[in-house]
Amino acid sequence: MIPYLIWNTIAILLTFLKLLPLFNEFQTFDADFQFSIQSLLGCFWDNSHGFFSARIDSQPANSAIYPIDPPLWFLRDLMLIVVCTPLLYRMLKRIGVHAVIGLGLLWFTMGYWDLGHANQLMNALFFFSWGAYLSIHRKDMLEIFGRYFKRSMWIYPLFALSYIIAMHGWPEAAFTIKRLNIVAGLLFAYNAAAWLLNHGICHPTTFLAASSFFIYVSHALICSRLLRILFVLTQPQSDMAILGVYTTATLSTLMLLLSAFYLMKRYTPRLLKIIAGRA
């Protein structure tokens, strides 16, 4: 909860900063800044009711909601799910894998309707419960997922390609393919990581593992602004130029945040523990 509050507060401060005339050239919003206690609180829960609520005019009333630091929606919902862990523990202990399958089917089918925050909560509930089941019943995740190694190596790329094609030619099927691809992607990612480790191609690094949460909570605040700056400075005209801008923004954000994490870990470790969840 502490990093959640801190990073959303940082996002709020950045919002105030970008109101300065110095940054007018990089602005992308066309709504008036509206400050109130309600809009301030909205930044921590639903930013469509935040400082620039008037600019959110294309969202349905029941669509997904995000805090002012958008990726933290998942952390917000996980905190809500954690409150329910006593009930989840009993359910997963008694019903076991059937409870996970049931939640998975519910997660899959609910996505066909725009249920707003309920869909986001189901994302958190299903994947949290899946991990909790593996832990409660002492299941070896890599051993279980490893059974599907060969199949995941071709199913995931096939679904990914099918999703791209469906988005342009058959949008009605795109959602179903995407849901299937999420599960296939999990199997693919774990199996690919295990294969790389077992063959000595990659090696575990505590630095990258420790920095992952720091990058997760901060990347949206850096990458989106860096992307705007690069677009204004370079004015890309071709597809390749636009791709280059996006790639540069992503890699630059990653390097900046890894460098910041390293410096903070070395010189301000106590502060880092507070803002990055005791990294």
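The values are calculated or read from the model by the stated rules, or taken from the named source; none is laboratory data. A quick note: this is a predicted structure, and the numbers were derived from the prediction, not measured. Cβ atoms come from the backbone with ideal geometry, glycine included; neighbour counts cover every protein chain shown.
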Revision key, fill the gap. Picking from L80, L75, the residue that is within 23 Å of the chain's Cα centre (by Cα) and under 26 Å from I177 (Cα atoms) would be L75
**Study point:** One residue from F44, F29, F33, F51 being modelled with pLDDT of 85 or more, in a loop (DSSP other than H, G, I, E, B) and out of contact with any strand residue (DSSP E or B) (no Cβ under 6 Å at 6 or more places or on another chain)
**Key:** F44
Point to revise | Enumeration of residues in the stretch 228-255 that are within 18 Å of the chain's Cα centre (by Cα) and closer than 20 Å to L14 by Cα | key: A249, T250, T253, L254
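To keep it simple, each residue is scored yes or no on (1) modelled with pLDDT under 95; (2) under 16 Å from I215 (Cβ atoms); (3) of a type in the set (A, V, I, L, M).
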site: D239; (1), (2), (3): yes, no, no
site: I242; (1), (2), (3): yes, no, yes
site: L256; (1), (2), (3): no, yes, yes
site: R266; (1), (2), (3): yes, no, no
site: R270; (1), (2), (3): yes, no, no
site: I274; (1), (2), (3): yes, no, yes
site: G277; (1), (2), (3): yes, yes, no
Review point. Restricting attention to the stretch 257-279, which residues are part of a helix (DSSP H, G or I) and of a type in the set (S, T, Y)?
Key: S259, Y262, Y267
Practice item. Please give the number of the condition L106 fails out of (1) surrounded by 13 or more Cβ atoms within 10 Å (Cβ to Cβ); (2) not in a helix (DSSP H, G or I). Key: (2)
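If only one of S259, S218, S224 is free of Cβ contacts under 8 Å to residues at least 24 places away in the same chain, surrounded by 11 or more Cβ atoms within 10 Å (Cβ to Cβ) and of a type in the set (S, T, N, Q), which one is it?
S224
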Check your understanding: In this structure, does I136 turn out to be within 26 Å of Y216 (Cβ to Cβ), of a type outside the set (G, A, S) and touching a helix residue (DSSP H, G or I) at 6+ places or on another chain (Cβ under 6 Å)?
Key -> yes
**Study point:** Scan of the stretch 168-191 for residues that are farther than 20 Å from M110 by Cα, free of Cβ contacts under 8 Å to residues at least 24 places away in the same chain and surrounded by 13 or more Cβ atoms within 10 Å (Cβ to Cβ), ordered by number
**Key:** A189
Revision key, fill the gap. Subset of the stretch 193-207, residues under 30 Å from K150 (Cβ atoms) and touching a residue at least 40 places away in the same chain (Cβ under 8 Å), comes to A194, W195
Review point. Say we look at the stretch 60-89 and pick out the residues that are in a helix (DSSP H, G or I) and of a type in the set (F, W, Y); which of these is surrounded by the most Cβ atoms within 10 Å (Cβ to Cβ)?
Key: W73
